[in-house]
Amino acid sequence: MRPIANTRSEAGIPTGRLAVWWVVASEIVIFGGLLASYVMYRLGNPEWAGYAAHTNVWLGATNTFVLLTSSLSAVLAHQAAVAGDGKKAAKLLYFTCLGAVAFLCIKAFEWTTEIQAGYTITANTFWSFYYTAAGLHALHVIAGGVIMLIVAETAKRNEELHRVELIGIYWHFVDIVWIFLFPLLYIAK
């Protein structure tokens, strides 16, 4: 028997899906405010181009590829779940989690080299925004990875397969945020 929270649909949308979209909407407000503040400061501080020149575009681009690839495996996991193949969905979610781990390892290497070069969160306002935005995003990658592991464990037993779609929605949001962060923090010099 499925819990009522999974089957109710007062708004015409399953409760779980509606809840995830509410979470995404609230996260859009958070990241939107942060990114709007960044753009406003960036426009008023042309010297930030010099600071941004010290970000590692290749590592940022590699992380973009990693996240987009992990998003593809999340889509394939959803397709497997819709087909009722929980084991395949779980394997694809584990692959997506590997993408999260790879992203975080690359980010850790990147930050280590930047901090060793003296580009710390207290160096100037650009680096404060950089570490705040990228750090907040990294926390979302960690949260998504942890939730994905939980969803994969239940999917492996062919249980709660609708959750594969829900974590996929969240994961795509995390990827989209990075698509905005990458050009703003790395490319716009």
Rounded to 0.05, the calculated FRET efficiency for the beta carbons of I115 and I150 at R₀ = 35 Å is 0.60
Helix-only [θ] at 222 nm, the chain, -39500 (n - 2.57) per DSSP H run of 4+, per residue, nearest 500, equals -27500 deg cm²/dmol
Honestly the chain on the Cα gyration tensor test (a ≥ b ≥ c root eigenvalues; a/c under 1.5 rounded, otherwise a/b vs b/c for prolate or oblate) is just prolate
Dividing the mean separation of Cα pairs under 8 Å (6+ apart) by the residue count of the chain yields a relative contact order in percent of 31 percent
In whole angstrom, the spacing between the Cα centers of the stretch 170-188 and the stretch 44-109 equals 10 Å
R157 and V24 label points (each 7 Å along its Cα→Cβ direction) are spaced in nm at 2.8 nm
With a ≥ b ≥ c from the Cα gyration tensor eigenvalues, square-rooted, and the rule rounded for a/c under 1.5, otherwise prolate when a/b > b/c and oblate otherwise, the stretch 29-80 is oblate
Here the residues of the stretch 88-114 lying in the modelled label zone of Q79, meaning backbone nitrogen under 18 Å from a point 7 Å along Cα-to-Cβ, are 88-97
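Laboratory data are not the source of any read-out in this text; all were calculated from the coordinates shown. Nothing here was measured: the structure is a model prediction, and the numbers come from that model. So basically every Cβ, Gly included, is an ideal-geometry build from the backbone, and we count neighbours across all protein chains shown.
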